[in-house]
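Colleague: Pasting in a structure now, in structure tokens, and then I'll have a few things to ask.
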Amino acid sequence: MDDDTLQGVIFEEGEAISLDELCQLCSVEVEWITTLVNEGILEPVEFRHKNWIFSGSALRRIRVVKHLQQDLDINIAGAALVLELLEERNMLLAKSDSYQ
């Protein structure tokens, strides 16, 4: 068996992910996630057992923010704006596709 085998986990958009799981899956610290929540980039879907619970969509948003910060050196506030614009663009494209 090859020692370089990659393993992955598939999360559905509506699947619940705890704060600790999110940090582990994304290799980030709790403080960084807290900053994203405070900036409105992430929104916990519920609070269970003194812990935030996020939807699977948080993984995608974190990935985008990490890329924006690492590749383009964009700060958190800038990343929030870029995410908002990307999501609005995607919504408009989907709406446009439904008219065709």
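Colleague: If you take the residues of segment 40-77 that are open to solvent by 60 Å² or more (accessible area, probe 1.4 Å) and in a loop (DSSP other than H, G, I, E, B), which of them is modelled with the lowest pLDDT?
Modeller: Per the stated criteria, the residue is HIS49.
Colleague: What is the residue count in segment 89-100 for residues that are open to solvent by less than 90 Å² (accessible area, probe 1.4 Å) and either in contact with a helix residue (DSSP H, G or I) (Cβ under 6 Å, 6 or more places away or on another chain) or of a type outside the set (A, V, I, L, M) (or both)?
Modeller: 3
Colleague: Further question: Working carefully through the options LYS50, LYS95, find the one that is farther than 18 Å from ALA16 by Cβ, more than 15 Å from the chain's Cα centre (by Cα) and of a type outside the set (Phe, Trp, Tyr).
Modeller: Sole residue among the options that is farther than 18 Å from ALA16 by Cβ, more than 15 Å from the chain's Cα centre (by Cα) and of a type outside the set (Phe, Trp, Tyr): LYS95.
Colleague: Right, another one. Taking segment 18-39, which residues are in a loop (DSSP other than H, G, I, E, B), within 13 Å of the chain's Cα centre (by Cα) and exposed (fewer than 15 other Cβ atoms within 10 Å of the Cβ)?
Modeller: SER27
The values are calculated or read from the model by the stated rules, or taken from the named source; none is laboratory data. The structure presented is a predicted model; accordingly, all values stated were derived computationally and were not measured. When we count neighbours, we look across all protein chains shown, and the Cβ atoms used for this are built from the backbone with ideal geometry, even at glycine. We work out accessible area using only protein heavy atoms, side chains counted, and drop any ligands, DNA or RNA first. Shrake-Rupley method; radii C 1.70, N 1.55, O 1.52, S 1.80 Å.
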